[in-house]
Amino acid sequence: MKSNLLKYINNPTDLRKLEFTQLPKLATELREFIIDIVSVKEGHLGASLGVVELTIALHYVFNTPEDLLVWDVGHQAYGHKILTERKNKFYTNRQLGGISGFPKRGESIYDTFGVGHSSTSISAALGMAIASQLNGKSKHHIAVIGDASIASGMAFEGLNHAGVTDANLLVILNDNAIGIDPSVGALKQYLTSVKDGKNPKQNNMIKSLNFDYSGPIDGHDLPKLISELERLKKVKGPKFLHIITTKGKGLQQAEEDQVKYHAPGKFDKTTGEIHPKSEEHLPLKFQDIFGLTLVELATSNKKIIGITPAMPSGSSLKFMMDAFPERAFDVGIAEQHAVTLSAGMATQGMVVFCTIYSTFLQRAYDQVIHDIALQNLPVIFCLDRAGLVGEDGATHHGIFDLAYLRCVPNMIVYAPKDEIDLRNILYTASLGLEHPIAIRYPRGRGKFLNSKFKILNSPFEKIEIGKANLLKNGTKTAVLSTGFIGQNVTLALDKLNNPNAIAHYDFGFVKPLDEILLHTIFTTYKNIITLEDGVINGGFGSGIIEFGAKNNYSTPIKTLGIPDEFIEHGTIEELQKICGIDIQSIVELLLE
């Protein structure tokens, strides 16, 4: 036996040359390789550690890439990438110019479907399977989905269709009882009863959908996994394998604290200890400003409700869930349900704060229009991770919200320039609005040092809806910014020797726009520049251009934002530079 098996494995063909008895050693080496890299480079750790045996078994049994393998979401695909010709590039994972943190069709023939958002794998693999039938191709199609993702409506839609086909589809349920946060809901309880042997096989809901169901089996038992996959290869029609795994398997701390080690940042690869970060003298995160302010508001207003689709930690709704568990709800990976649940509560006079990552609200766009805006229900959407989010890349950037919400009647759209504005708009919304509102704020920290400014103890001030503000006087050019990206303008102006020609306005409200102030701006300045951390097409800058055209102004307008292309992964600073919205790019533009 070679002392280092992984060294000689560059693709699944190499893997299949190993003796069956060598695979457990390879699993150990693959775990160590993932831990070595992620401990230094950061990334999604726990999910990939949990499916090492499954990853090896799939590529050992099936003839990938001829047989098509789809990973749901993709948090768990690091082992897959390492075994499919990207081992020597894995150190570039999630870095600018490096490989993506998620499966991506343009990156490898082994990545059969691009993922990042949840619950798409069954539908995609079923589509491939039906297409293979129509093309006269005999191949296998495998969807690997987690217990949190399978609770989403789209996954059920895929199962419902697959069950009435004879497609060669294998759905593997990777059941570890956790997504990013612990799984919730009746389906989770059902899966637990199956694992515990409390649910008789004749009552199996998957079998009732016409799937050949097998399991649950130990997902870390390589011989059993391979044996069952070999058996399922011979079974015709839709098949379902239920495996039980441990997220973070092989690293004690990751097994014991699965939420923290989902994406732990840098850590000691030997001890597993996360490198401590002193946050005492750093500004608070926007998500924590939201979560703690909501608790503050909910303490005095018993009508306030908090709702999130599976992101209580990421959104910091966990603070309200701890303080007022009867009024804060994690509904699982179900954005459509979260939005319409909010609508139902709003009809009964509740003040509903529905917190969803900007990129995930895209999954519930019809509900925003049909169930909220059309009925003019004053639901308060709190859109975390708005703008460029960095290393998670194109699937996760929250750059479309300004454009896709600005066009919806009745919708108020607001982007706070700092954490004080975020607190005040949350307070304003809690007092009652006549329309729904979307409040979008970025990933990361604000600008004020909490220990100095005591943000969370600052008194609330009501914000006037639709009002923009002058931040700095100027004589020739007006820069109109919306949201926290406006800090780049402030910092850019500090770098100019003679900034007196430049005025700076904060347009927190992208809808409604402050038209009274806009008339003044268009008649006062020779040039207008707009800045947003969203797509230029249809966004804030487009709104300013539309206003100018409607009122027959001829003032030249330069729009800064995200260009008409998908922006890949990298640090936020690197990506801002690519888009021309970083501080130095703004300085150079103003100098022109």
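The values are calculated or read from the model by the stated rules, or taken from the named source; none is laboratory data. Predicted model only: the values in this text are computed from it and were never measured. Cβ coordinates were reconstructed from backbone atoms using ideal geometry, including for glycine residues, and neighbour counts include every protein chain displayed. All accessible areas refer to the heavy atoms of the entire protein, side chains included, with ligands and DNA or RNA removed. Shrake-Rupley method; radii C 1.70, N 1.55, O 1.52, S 1.80 Å.
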Just to be sure, is Ile399 over 28 Å from His75 (Cβ atoms), modelled with pLDDT of 95 or more and either open to solvent by less than 10 Å² (accessible area, probe 1.4 Å) or β-branched (Val, Ile, Thr) (or both)?
no
Subset of segment 38-67, residues modelled with pLDDT of 95 or more, of a type in the set (D, E, K, R) and either open to solvent by 20 Å² or more (accessible area, probe 1.4 Å) or part of a loop (DSSP other than H, G, I, E, B) (or both), comes to Glu66, Asp67
For segment 192-227, how many residues are outside any helix (DSSP H, G or I) and either without any contact (Cβ under 8 Å) to a residue 40 or more places away in the chain or of a type outside the set (Asp, Glu) (or both)?
18
Please work out if Leu191 is touching a Pro at 6+ places or on another chain (Cβ under 9 Å) and not charged (D, E, K, R).
yes
By residue number, the members of segment 1-37 that are more than 19 Å from Ala77 (Cα to Cα) and crowded, with 16+ Cβ neighbours inside 10 Å are Leu5, Leu18, Lys25
In this structure, does His242 turn out to be touching a strand residue (DSSP E or B) at 6+ places or on another chain (Cβ under 9 Å) and either open to solvent by less than 10 Å² (accessible area, probe 1.4 Å) or closer than 21 Å to Lys41 by Cβ (or both)?
yes
Quick one: in segment 160-183, of everything that is within 20 Å of Arg363 (Cα to Cα) and in contact with a helix residue (DSSP H, G or I) (Cβ under 6 Å, 6 or more places away or on another chain), which residue is most open to solvent (accessible area, probe 1.4 Å)?
Ile180
Could you list, in sequence order, the residues of segment 433-482 that are open to solvent by less than 10 Å² (accessible area, probe 1.4 Å) and either in contact with a His (Cβ under 6 Å, 6 or more places away or on another chain) or free of Cβ contacts under 8 Å to residues at least 12 places away in the same chain (or both)?
Val479
Quick one: Arg385 ticks every box in (1) touching a Ser or Thr at 6+ places or on another chain (Cβ under 7 Å); (2) open to solvent by less than 10 Å² (accessible area, probe 1.4 Å) except a single one, so which number is it?
(2)
Which of the residues that make up segment 184-207 are open to solvent by less than 50 Å² (accessible area, probe 1.4 Å), more than 30 Å from Phe62 (Cα to Cα) and under 24 Å from the mean Cα position of the chain (by Cα)?
Gly185
Cβ-Cβ below 6 Å, separation at least six or inter-chain, first residue in segment 516-532 and under 11 Å from Ser481 (Cα atoms), second among the hydroxyl-bearing types (Ser, Thr, Tyr) and surrounded by 15 or more Cβ atoms within 10 Å (Cβ to Cβ): which pairs?
Ile528/Thr555; Thr530/Thr559; Leu531/Ser481; Glu532/Thr482
Among the residues of segment 486-496, is any within 30 Å of Thr92 (Cα to Cα), crowded, with 20+ Cβ neighbours inside 10 Å and either basic (Lys, Arg) or under 29 Å from the mean Cα position of the chain (by Cα) (or both)?
yes
Do the conditions hold for Gln348, that is, is it at pLDDT 95 or above and touching a helix residue (DSSP H, G or I) at 6+ places or on another chain (Cβ under 7 Å)?
no
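Conditions tested, residue by residue: (1) under 30 Å from Asn500 (Cβ atoms); (2) in contact with a Lys or Arg (Cβ under 8 Å, 6 or more places away or on another chain).
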position	(1), (2)
Gly538	no, yes
Phe547	yes, no
Ser554	yes, no
Leu560	yes, no
Pro563	no, no
Lys577	yes, no
Ile581	yes, no
Ile586	yes, no
With (1) assigned to a loop (DSSP other than H, G, I, E, B); (2) crowded, with 22+ Cβ neighbours inside 10 Å; (3) without any contact (Cβ under 8 Å) to a residue 40 or more places away in the chain; (4) of a type in the set (A, V, I, L, M) as the list, and Ala310 as the residue in question, which single condition is left unmet?
(3)
Considering only segment 173-191, I want to know if a residue exists there that is basic (Lys, Arg), assigned to a helix (DSSP H, G or I) and without any contact (Cβ under 8 Å) to a residue 12 or more places away in the chain.
no
Here the residues within segment 238-265 that are hydrophobic (A, V, I, L, M, F, W, C) and not in a loop (DSSP other than H, G, I, E, B) are Phe240, Leu241, Ile243, Ile244, Ala254
Just wondering, is there one or more residues in segment 413-432 that are under 21 Å from the mean Cα position of the chain (by Cα), crowded, with 24+ Cβ neighbours inside 10 Å and part of a strand (DSSP E or B)?
yes
So which of Asp268, Asp288, Asp212 ends up being touching a strand residue (DSSP E or B) at 6+ places or on another chain (Cβ under 6 Å) and of a type in the set (Asp, Glu)?
Asp212
Evaluate the following for Ser100: is it small (Gly, Ala, Ser), over 27 Å from Val40 (Cα atoms), buried (at least 23 other Cβ atoms within 10 Å of the Cβ) and touching a Gly at 6+ places or on another chain (Cβ under 8 Å)?
no
